Every structure is written in structure tokens, then in C-alpha cells.
1. Gain in length, ARG92 to VAL26, computed as 0.36 nm per residue apart minus the alpha-carbon separation, to one decimal in nm?
2. With a 1.4 Å probe and all protein chains kept in place, how do LEU32, LEU62 rank by accessible area, largest first?
3. Give me the distance in nm between label points sitting 7 Å out from Cα along the Cα-to-Cβ direction at CYS155 and GLU40, one decimal.
4. I need the per residue convex hull volume for the range 1-112, using only the alpha carbons, in cubic angstrom as a whole number.
5. Would you tell me the accessible area of HIS27, worked out with a 1.4 angstrom probe on the heavy atoms of the protein chains, in Å² to the nearest 10?
6. Which loop-located chymotrypsin sites (Phe, Trp or Tyr not before Pro) does the range 1-106 contain, where loop means any DSSP state but H, G, I, E or B and the Cβ has at most 14 other Cβ atoms within 10 Å?
7. How much solvent-accessible surface does ASP33 expose, in Å² to the nearest 10, with a 1.4 Å probe and all protein chains in place?
8. Averaging sequence separations of C-alpha pairs under 8 Å and six or more residues apart, then dividing by the length of the range 1-113, give the relative contact order as a whole percent.
Amino acid sequence: MATANNGALIDLSGVERVFHLGDSEVHALHALDLRVAPGEYIAVMGPSGSGKSTLLNIVGLLDRPNAGRYLLEGRDVTTLSAEEQARVRSRRIGFVFQSFHLVPRLTAAENIALPMMLAGIPPREFSCSSSRTTSSPVVWSRLPVGSSARISAGCMIVARAIATRCRCPPESWSGR
């Protein structure tokens with residue numbers, strides 16, 4: 001995997017995405033350049049059909065560009081196999097979906113831990129008492145999703161999106 005060190009977390013260069021619909025071609029992205037530094041916040045805005053979802057799908061490794069290069073943390077991810085992209089996606093990319101996608105039969109803590117389980121992280125590494133992901137792990141671990149107005153679904157999905165980046169050291173584990 002090629003790497004570059006320009007300090008960008010996300011670095012898109014000359015990215016293009018064309019969809020073929022019958023005899024027509026739809027150019028969703030054309031020669032797009034975008035750099036996002038670590039810790040930087042951006043907003044993707046535009047009218048319907050301007051390529052916002054296409055861009056987010058490419059950045060999230062859910063779709064591939066037809067042309068151009070995408071470096072994630074300095075690594076070229078445009079040439080990875082589907083399996084390699086899935087591995088990177090599960091370990092390095094967090095998604096906050098508009099429709100939440102919470103599992104009602106799981107507790108809040110289990111919903112937050114779901115991406116870590118899918119990434120193969122051992123449970124002992126995500127049952128920490130650190131406040132890095134949640135402000136009160138004891139409350140979160142016992143709270144059913146469907147029964148509480150005290151927890152915002154938005155807070156849960158943001159915590160879930162960053163959960164795989166919160167690998168707690170052994171001294172902070174709760175012993176579960």
C-alpha cells in the first residue's frame with residue numbers, strides 16, 4: 001500500500017465518480033480534490049444531486065472512485081481489495097447514520113460496543129470504565145435502548161461511531 005506524508009487524515013486527489021444509467025452517464029464527482037487534517041471539522045453541503053452522498057460513500061470506503069487517488073492516514077486505499085477495505089472501515093472509520101440503526105433488544109452499551117465486536121476486538125478491551133466514550137459507563141451498560149428518555153439516540157450513535165478508536169488500557173477495564 002503506497003503512503004504519503006502530507007499530514008492529511010483524508011486526502012482526495014482528482015477523484016471522479018461516474019454512474020452509467022442506460023445510455024446516460026452521470027458525473028457525480030469530477031476532478032475532486034479534498035484534504036482534511038486530523039481534528040478538523042468539515043460540512044458537506046450542496047443541492048440534491050450534487051454528489052454529497054457519493055463523496056461520503058467514497059470517503060467511508062463504501063464505494064470506489066472511477067479515477068483519482070484517496071489516501072486515508074497517508075495510505076492509498078483506492079487499490080485495496082473489498083476485504084481489505086472492510087477491515088480498514090471496521091477499524092478506522094466511524095459512521096453516524098441519519099436513521100441511527102440501533103438494535104432495540106441491545107442495551108445502550110451493547111449498541112455502542114457493536115462496531116468493536118464486529119471488528120473482532122476482545123470484550124475485555126471495550127468494557128472500560130474510562131470516560132473516553134461515555135460519561136457514565138455503569139448507567140450505559142444497564143440501560144435498555146427502547147425504555148429511556150434519559151439517553152439521546154444521537155449521543156449513542158456518535159459514541160458508537162468513535163468506539164473503535166477508544167481502546168482502553170488494561171488498568172481502566174471494569175473487570176467485565
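1. Gain in length upon complete extension: 20.8 nm.
2. LEU62, LEU32
3. My value for the distance between the label points is 3.1 nm.
4. Convex hull volume per residue, Cα atoms: 151 Å³.
5. 110 Å²
6. Passing sites in the range 1-106 are TYR41, PHE95, PHE97, PHE100.
7. 90 Å²
8. It rounds to 31 percent for the range 1-113.
The values are calculated or read from the model by the stated rules, or taken from the named source; none is laboratory data. On a predicted model such as this, the values are computed, not experimentally measured, just so you know. Every residue, glycine as well, gets a Cβ built from its backbone with ideal geometry; the counts of neighbours run over all protein chains shown. Quick note on the areas: whole protein, heavy atoms, side chains included, nothing else; ligands and nucleic acids left out. Shrake-Rupley method; radii C 1.70, N 1.55, O 1.52, S 1.80 Å.
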